[in-house]
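This report refers to the structure that appears directly beneath it.
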Amino acid sequence: WAMVAAIMALTPDGTPESLPADLALIGLDLPGIQETVYTITSRGAGKSVRGRSAFVQLLVHAITERIVHELGLCRANVLVAAGGNALLLCGWTTGLKQYLEELDLEVNRTLFGSQSPQAFAGFRGDLALALAVESVPWDCLYYPNGTLLAGDTYVSVWQYHEKRLKDQLRQAKQRPFGALLANENDLRVFFQPDQIDSSRFCA
């Protein structure tokens, strides 16, 4: 029923003619949650863990809400939003991939604390954003309908596209801040020393 509600939310005037030609699955994840939340050894660690867990939840919520708002979607299009990741169903449009690439770059710049008006260096690069999108044809919603994956595993066409999205997310998680390394200025900032104002460390 979540899928039905998400599809109905894609019809501006409630008619089949207003539906997009193809669907799109958007997935987001936050690699580095374990390092961010559970590597605290100081006194009052419990409070810090709760605070950082809340931050991760709010971050996922904020990014999801921004995508919903900027793509003209509604809450029904958010299929999953928990545990540091989210899954959204929307219509495939020409500029969707470019929009998500720009969002990925902006959020990761902010999290890394480089070249961003809202620079936030609270985690010094421990926490990153992985973002991916997969085009999904309408016929994957028909039942029964299946396809073959490697190893002769028979699954539904929907599961096939969901697996392709998860593969993209896994690759993005293996190279956090990868979008920053494609830009010369970001690359320079990424590898420059941190200027730390401290009596314990050399600046």
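We did not get these values from a lab; they are worked out from the coordinates using the rules stated. All of these numbers come straight from a predicted model, not from anything done at the bench. Please note: Cβ atoms are built from the backbone with ideal geometry, for glycine as well, and neighbour counts cover all protein chains shown.
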>> Net charge around Glu106, counting only other residues with Cβ within less than 13 Å of its Cβ (Lys, Arg = +1; Asp, Glu = -1)?
In response: -3
> How much FRET efficiency would the formula 1/(1 + (r/R0)^6) give for His61 and Gln192, where r is the Cβ-Cβ distance and R0 is 45 Å, rounded to 0.05?
Replying inline: 0.90
